[in-house]
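Here the structure is laid out as structure tokens; the discussion comes afterwards.
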Amino acid sequence: MHASTVRTLLIRGMLAGLIAGLFAFAVAYVGGEPSVDGSIAVEEAQAAQEAAHAGHGGGAEAEEEVVSRSAQSTFGLATGVLVYGVALGGIAALAFSFALGRVGRFSPRATAALTAAAAFTTVYLVPFLKYPATPPAVGNPDTIGRRTTLFFLMILLSVLLGVAAVILGRRLAPRLGNWNASLAAGFGFVLVTGIAFAVLPANDDAVKAGFPAKLLWEFRLASLGVQVVLWVVFAVVFGYLAQKALAARTAAAETPARVEAPAAG
């Protein structure tokens, strides 16, 4: 694929990621922030109880917030989600540029949908199933570094396994056919991922004892919903933009060059 075409797709991918980020922010604000507020309230109540038991019931002053909670849940949340959407949109656009025409004879829209589905599965869903999201301040702060390392290790492993599954499917396709090869590659991905789930350690201290299960469940559902909306909107918007851009370039390439007749002397 020509470098200018890749650049065009990259810009459209980042734009699609920005639009998807707007939708994801709306879901995060409406569906996720109430559970975050609830977890903060639980943390504050537990801290007050611990202070009372230690004999400091009213003596400790509340720490002054550097950034207010309202700013965190609006401007801060929007900035984080939009930057995340733009970055992932650009990366997904580059993956689309590589996959187009190499994973089957799919249209740009179908390839965009497959790319988004693969990215959602490998980058978020698989790591989420092993190490599900937790609200802030509900885990042991002493192990946050270890838990973060395990989560990103799971992302890296999932992406590598996804790439290996695609390569395996392509190599099996001439002998088994596209459908059977895809099934075999998918089964291999699930099998090896299951082995990784069994081998990698669990986050036993990710949630404090006594934290409300309903609140935890609501937060995790909201986190999953944000990602689903982000990737579905990206697939739809980028598929449309990519189809339009590639169709315009194809039409321009197929237009015969007009050669002017030489002027009579």
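The values are calculated or read from the model by the stated rules, or taken from the named source; none is laboratory data. As the structure is a prediction and not an experimental result, all values here were calculated from the model. Positions of Cβ are backbone-derived with ideal geometry, glycine not excepted, and every protein chain shown enters the neighbour counts. Heads up: the accessible areas ignore ligands, DNA and RNA and are worked out on the full protein's heavy atoms, side chains in. Shrake-Rupley method; radii C 1.70, N 1.55, O 1.52, S 1.80 Å.
Numerical summary
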item	result
Members of the range 131-155 that are of a type in the set (Ser, Thr, Tyr) and at pLDDT below 85	Thr134, Thr143, Thr148
Condition check for Ala264: modelled with pLDDT of 80 or more, among the small types (Gly, Ala, Ser), more than 30 Å from Ala41 (Cα to Cα) and surrounded by fewer than 19 Cβ atoms within 10 Å (Cβ to Cβ)	no
Every residue from the range 139-162 that is open to solvent by less than 80 Å² (accessible area, probe 1.4 Å), within 20 Å of Phe96 (Cα to Cα) and not polar (S, T, N, Q)	Ile155, Val159, Leu161, Gly162
Among the residues listed as Phe96, Phe128, the single one being at pLDDT 85 or above, over 30 Å from Ser4 (Cα atoms) and among the hydrophobic types (A, V, I, L, M, F, W, C)	Phe128
Any hit, the range 67-90, residues being open to solvent by 20 Å² or more (accessible area, probe 1.4 Å), at pLDDT 85 or above and more than 18 Å from Leu230 (Cβ to Cβ)	no
Members of the range 167-188 that are touching a Lys or Arg at 6+ places or on another chain (Cβ under 8 Å) and touching a residue at least 40 places away in the same chain (Cβ under 8 Å)	Arg170
Filter result for the condition that a residue is of a type outside the set (Ser, Thr, Tyr), buried (at least 16 other Cβ atoms within 10 Å of the Cβ) and part of a helix (DSSP H, G or I), over Ala198, Ala181	Ala181
In the range 156-205, the residues that are among the aromatic types (Phe, Trp, Tyr) and either modelled with pLDDT under 85 or in contact with an Asp or Glu (Cβ under 8 Å, 6 or more places away or on another chain) (or both)	Trp179
